[in-house]
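Chemist: The structure is given below, and queries will be raised subsequently.
No value in this document is a laboratory result; all are computed from the given coordinates. Everything numeric here is computed off the predicted structure, so don't read it as measured data. Cβ placement follows ideal geometry from the backbone for every residue including glycine, while neighbour counts extend to all protein chains displayed.
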Amino acid sequence: MILSKIFTSFTFRFLVSYVAWLSVAVFMVLALIYAFIAYDFFSDVHRSVKLELEALSQAYEEGGSEAVDEFVEVHSGPTRLIRFFYFVGDAEQRKIAGNLNEWPDAKEYRNGWIGFDFESLTNMADPVGNEFVALSTQLPSGERLLVARHYADVLNSTKLVAGALTRSMVATIILGTIGGAITAGLSLRRIEHINTTLHRIMSGDFSERIDVSGSTGDFRRLSENVNQMLDRIEVLMTGVRQVSDNIAHDLRTPLTRLRNKLSDLHDDCSDPANREQVEALIEEADGLLGTFSALLRIAQVESGNRRSGFADVDLCTLVSDVIELYEPLAMEKDQQFNTALARVGKVTGDRNLLFQAVANLVDNAIKYTPEGGEVQVGLSVEPDCYRVYVADTGIGVPDADREKVFQRFFRVESSRGCHPGNGLGLSLVHAVVKLHDGTISLEDNRPGLKVVMRLPRQSSASKKG
Amino acid sequence: MRILLIEDDLSVAEYIVKGLRESGYQVEHVADGKSGLVKATTEEYDALIVDRMLPNVDGLTIIQTLRAANDATPALILSALGEVDDRVKGLKAGGDDYLVKPFAFAELLARIEVILRRHESSSAVTRLKVADLEMDLLAHKVTRGGETFNLQPREYKLLEYLMRHAGQVVTRTMLLENVWDYHFDPQTNVIDVHISRLRQKIDKGFDRQLLNTVRGAGYMLDDSE
């Protein structure tokens, strides 16, 4: 749970890309360092070979092959740190002097540089490996001179450098990752704190604010801004709610007056045709009044004030009472009314609202199920909640409309006209379930609809006080 | 029957006064809490209709004061605050019933009649009788013309409530509150089905229909015909 949260967090993804870019940058810097060092090494090698070749040609021009032998004796002695090999040959590359036996079979590079492999060398008991670099030149008199240098030591040095650089790259990345992870963890904790607070606010407790004490800098500013935004939203929400409540409230009174006057008219009416019309008008007015009181009720429930009246409610009795109230209605429509009630404990809540919610669901189920259909009401226990479901074999709700049915005044297109209702029943159920910290979902009953309501075993609202 | 109405909203007051007078009650109206309290304590009334929110002294205080002085005049509270909490508070303060504004006059009238009657006959009864329909409260037995009915517990409760208020209009909300003990708005007239089932049992096969529907108001169990 917490791991998956870390992996999906922005911070983690930021960290991953940060490590990737860090690796690239470190690699580039270290590669550059390596290139400089290697270049220095090899230019050193070249310079030394060039100097030896100049010294050799000078020695040959001054003293001939004896001088060369003497020169070789001095320059390739075992006391020397770098081992050079010399060859002086005539124009046909036959040996005149030096410690190489023959002109090596070499690859020619530019500017007289050659490279060759050499298994074992004359005058030397032990083979010294086969990495050589050599420089040759031709004197004006036709003799060809060659100086070769064994450069395994240089290779070893560059290898050492490369190894050191690789290790420091690994160390940099590991340290960078650890540092990044710690930073990410710290900021994740603060974001988590903000998130949990926002979650509480979204679940209805709008008075909640993010705690800014203890945080500084960016997070404090962020939290303060979020808090200010919440203040603003709260003001706006209260405004909107007040306006809609006032409309419903203010219209309810004149509407009642209208209804009462119609009722007076009804009593005074002697003509039966007129009476019937007045009755229809009264019914219409009652429908409007019902819609307004349903709206006000939803607003009241959504405001969360009803929590103050929460008490222990025996869910099993409550559902049985709903069933008892509605069963005759189903029987009148020749519907099979099945119940499956498990014995469950109590929930903390408002019994009248819970009754209203379950009653609305059962009412809908009966209303939308054709004659001879089946309505099922069940109550079962789940690990941390009680599950109340109402299933029918009616027309059901298309997938696309599943979310919308909880909106005020929303009615499934096919049910408009042929079924009475104001489109507020499920909105009220939704509001009641949310008030009780529960969840509600619609499922396909194949055919029909199954509404599942889950109520927490111990409502957290009671813990909050 | 003298009724005192304490209500500061003049249009509502006028409407109630007119309606109650037409129904044969004597009504006095005062518009503020203080003079209402004075009138209620100094004069005799059969019932009080008290708005909850009043200038000077609020409705609940008036009723609490009366009850503290051992005055048991039945009182109906009117209020724009319709939630269960408010209702409970109102009834705890000593109100006999609670009606949320706005209301249909039929509902007010039905409730007034019920609290008046309740006050009249608070003595324990063991038998209820409406025409030839009889209910033995001790034996839980219902008979009509010698025939015994087999009623479900809820049907029994429903009939008992109707019989206790025989001759009075009983609204659907009153039945839900008193027989089912839930305060909620049914989306359909589910009560009608229960009434018609009860009617099937007690009225079927008899010449006189006792259980009648009062259009626009509710039901009435009635032997006057």
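Chemist: Less than 22 Å apart at the alpha-carbon level, and either on another chain or at least 8 residues along: which lysines does that give for A:Lys95?
Modeler: Candidates past the 8-residue exclusion: A:Lys50, A:Lys107.
Chemist: Let me ask another. Restricting things to alpha carbons, tell me how big the range B:86-168 is in terms of Rg and Dmax, in Å.
Modeler: So, for the range B:86-168, Rg and Dmax equal 15.5, 46 Å respectively.
Chemist: Spelling out what I want: for every residue of the range A:52-66, take phi, set θ = phi - 60°, compute 6.51 cos²θ - 1.76 cosθ + 1.60 (Karplus), and round to whole Hz; glycine and proline get x.
Modeler: Each residue of the range A:52-66 in turn: 4, 5, 5, 4, 5, 5, 5, 4, 5, 5, 7, x, x, 5, 5 Hz.
Chemist: How would you order A:93-100, A:318-325 from highest to lowest mean count of nearby Cβ atoms within 10 Å? Could you put the intermediate results ahead of the total?
Modeler: Working: A:93-100: 18.2, A:318-325: 21.0.
Final packing ranking: A:318-325, A:93-100.
Chemist: Now, a different point. Give the aspartates and glutamates reachable from B:Lys39 as a straight Cα distance under 16 Å; neighbours fewer than 8 places away on the same chain don't count.
Modeler: B:Glu7, B:Asp8, B:Glu28, B:Asp51, B:Asp58, B:Asp71
Chemist: Something else: Can you order the peptides B:99-105, A:262-268, A:139-145 by their average number of other Cβ atoms within 10 Å per residue, highest first?
Modeler: Working: B:99-105: 20.7, A:262-268: 16.3, A:139-145: 14.1.
Put in order of decreasing packing, that is B:99-105, A:262-268, A:139-145.
Chemist: Here's a follow-up. Can you list the aspartates and glutamates whose alpha carbon sits under 18 Å from that of A:Lys261, skipping same-chain ones fewer than 8 residues off?
Modeler: In chain and number order, the partners are A:Asp250, A:Asp271, A:Glu276, A:Glu279, A:Glu283, A:Glu284, A:Asp286, B:Asp9, B:Glu14, B:Glu22, B:Glu107.
Chemist: Going by amide H atoms built from the backbone, whose H comes under 5 Å of the H on A:Thr339, apart from near neighbours?
Modeler: Excluding prolines and chain starts, which carry no amide H, the hits are A:Val377.
Chemist: Long-range amide H contacts for B:Leu5: which residues qualify at under 5 Å (H placed 1.01 Å from N, peptide plane, sequence gap of 5 or more or a different chain)?
Modeler: Counting only residues 5 or more places away or on other chains, the set is B:Glu28, B:His29, B:Val30, B:Ile49.
Chemist: Calculate the translational D of the protein assembly as shown in whole µm² s⁻¹ from Stokes-Einstein, where the hydrodynamic radius comes from the Kirkwood formula applied to all Cα pairs, the temperature is 37 °C and the viscosity 0.692 mPa s. Can you show the working numbers first?
Modeler: Working: Rh = 34.1 Å.
This corresponds to a translational diffusion coefficient of 96 µm²/s.
Chemist: Something else about it: Which cross-chain or sequence-distant (5 or more) residues have an amide H under 5 Å from the amide H of A:Asn445, H modelled 1.01 Å from N in plane?
Modeler: A:Lys450
Chemist: For the pairs A:Lys450/B:Lys157; B:Lys34/B:Lys101; B:Lys101/B:Lys141, flag any whose C-alpha to C-alpha distance is greater than 28 Å. Walk me through the intermediate numbers first.
Modeler: Values: A:Lys450/B:Lys157 33 Å; B:Lys34/B:Lys101 22 Å; B:Lys101/B:Lys141 39 Å.
Check vs 28 Å cut-off fails for A:Lys450/B:Lys157; B:Lys101/B:Lys141.
Chemist: In square nanometres, what is one fourth of the surface area of the convex hull spanned by the alpha carbons of chain B?
Modeler: Numbers: hull surface 51.7 nm².
Averaged projected area of chain B's Cα convex hull equals 12.9 nm².
Chemist: Compare the peptides B:183-191, A:440-448, B:47-55 by average per-residue count of other Cβ atoms within 10 angstrom and give them in order, highest first.
Modeler: On the way: B:183-191: 19.0, A:440-448: 15.3, B:47-55: 21.9.
Order by mean packing, descending: B:47-55, B:183-191, A:440-448.
Chemist: Turning to a different aspect of this structure: From other protein chains only, count the Cβ atoms within 10 Å of every residue's Cβ in A:324-336, then give the mean. List each step's numbers first, then the result.
Modeler: On the way: counts 5, 11, 5, 3, 10, 8, 1, 2, 4, 1, 0, 0, 0.
Mean inter-chain Cβ contacts per residue within 10 Å come to 4.
Chemist: Taking N as the number of residues in the range A:132-278, what value does Rg over Cα atoms divided by 2.2 N^0.38 Å take?
Modeler: Numbers: Rg = 43.2 Å, N = 147, 2.2 N^0.38 = 14.7 Å.
The value comes to 2.95.
Chemist: Rank these for me by crowding, A:Ile178, B:Ile202, going from fewest to most other beta carbons within 10 Å.
Modeler: Working: A:Ile178 10, B:Ile202 23.
Final ranking by Cβ density, sparse to dense: A:Ile178, B:Ile202.
Chemist: Arranged by the count of other C-beta atoms within 10 angstrom, fewest first, what order do A:Val278, A:Val74 take?
Modeler: Values: A:Val278 20, A:Val74 11.
The fewest-first ordering by Cβ neighbours comes to A:Val74, A:Val278.
Chemist: When the Kirkwood radius is taken over all Cα pairs of the range B:1-59, what Stokes-Einstein diffusion coefficient follows at 10 °C and 1.306 mPa s, in µm²/s? Can you show the working numbers first?
Modeler: On the way: Rh = 11.3 Å.
The calculation lands on 141 µm²/s.
Chemist: Within 10 Å of each Cβ in peptide A:43-56, how many partner chain Cβ atoms are there on average? Round it to a whole number, please. Numbers along the way, then the final one.
Modeler: On the way: counts 0, 0, 0, 0, 0, 0, 0, 0, 0, 0, 0, 0, 0, 0.
Neighbouring Cβ atoms belonging to other protein chains average 0 per residue here.
Chemist: How about the range B:1-98: which GluC sites (Glu not before Pro) there are in a DSSP loop, with at most 11 other Cβ atoms within 10 Å of their Cβ?
Modeler: Working: sites: B:Glu7, B:Glu14, B:Glu22, B:Glu28, B:Glu43, B:Glu44, B:Glu83; in loops: B:Glu7, B:Glu43, B:Glu44, B:Glu83.
Qualifying residues, ordered by number: B:Glu43, B:Glu44.
Chemist: Right, another one. Rounded to two decimals, what is Rg over Rh for the range A:237-302 when you use alpha-carbon atoms and the Kirkwood radius? Can you show the working numbers first?
Modeler: Numbers: Rg = 15.1 Å, Rh = 13.0 Å.
Radius of gyration relative to Kirkwood radius: 1.16.
Chemist: Right, next: With N set to the residue count of the range B:2-120, report its C-alpha Rg divided by 2.2 N^0.38 Å to two decimal places. Each step should come with its number before you reach the end.
Modeler: Numbers: Rg = 12.7 Å, N = 119, 2.2 N^0.38 = 13.5 Å.
The reported ratio for this selection is 0.94.
Chemist: Where does the protein assembly as shown land at 222 nm, in deg cm²/dmol rounded to the nearest 500, when only DSSP H runs of n ≥ 4 count, each adding -39500 (n - 2.57), divided by all residues? Walk me through the numbers on the way to the answer.
Modeler: Working: 17 runs with 346 residues, N = 690.
Theoretical 222 nm ellipticity from helices: -17500 deg cm²/dmol.
Chemist: Kindly express, to the nearest 10 degrees and within the range 0 to 90, the angle between helix A:272-302's C-alpha long axis and the longest C-alpha principal axis of chain A.
Modeler: Around 40 degrees separate the two axes.
Chemist: Report the local net charge at A:Val362: Lys and Arg +1, Asp and Glu -1, summed over other residues whose C-beta lies under 10 Å from its C-beta. Spell out each step's value before the answer.
Modeler: On the way: positive: A:Lys367; negative: A:Glu327, A:Asp363, A:Asp392.
Charge balance near A:Val362 sits at -2.
Chemist: At a 10 Å Cβ-Cβ cut-off, how would you order B:Thr213, B:Thr148, fewest neighbours first? List each step's numbers first, then the result.
Modeler: Details: B:Thr213 14, B:Thr148 9.
Ascending Cβ contact count within 10 Å gives the list B:Thr148, B:Thr213.
Chemist: Could you work out the percent of alpha carbon pairs in the range B:93-225 separated by over 21 Å, rounded to a whole number?
Modeler: Details: 3553 of 8778 pairs.
Tail of the P(r) past 21 Å holds 40 percent of the pairs.
Chemist: In addition: Given 37 °C and 0.692 mPa s, compute D for the range A:305-464 with the Stokes-Einstein relation, Rh being the Kirkwood radius over Cα pairs; round to the nearest whole µm²/s.
Modeler: It comes out at roughly 207 µm²/s.
Chemist: Separate question: Which trypsin sites (Lys or Arg not before Pro) from the range A:326-382 combine a DSSP loop assignment with at most 11 other Cβ atoms within 10 Å? Let's see the in-between values first.
Modeler: Working: sites: A:Lys333, A:Arg343, A:Lys346, A:Arg351, A:Lys367; in loops: A:Lys333, A:Arg343.
Sparse-neighbourhood loop trypsin sites (Lys or Arg not before Pro): A:Arg343.
Chemist: Let me know the mean shielding of B:187-198 by other chains, meaning the per-residue number of their Cβ atoms within 10 Å of its Cβ.
Modeler: Details: counts 15, 9, 1, 10, 2, 3, 9, 6, 1, 2, 3, 0.
Rounded to a whole number, the mean comes out at 5.
Chemist: Using only Cα atoms, find the angle between the long axis of helix A:217-268 and the longest principal axis of chain A, and express it within 0 to 90 degrees, rounded to the nearest 10.
Modeler: 20 degrees
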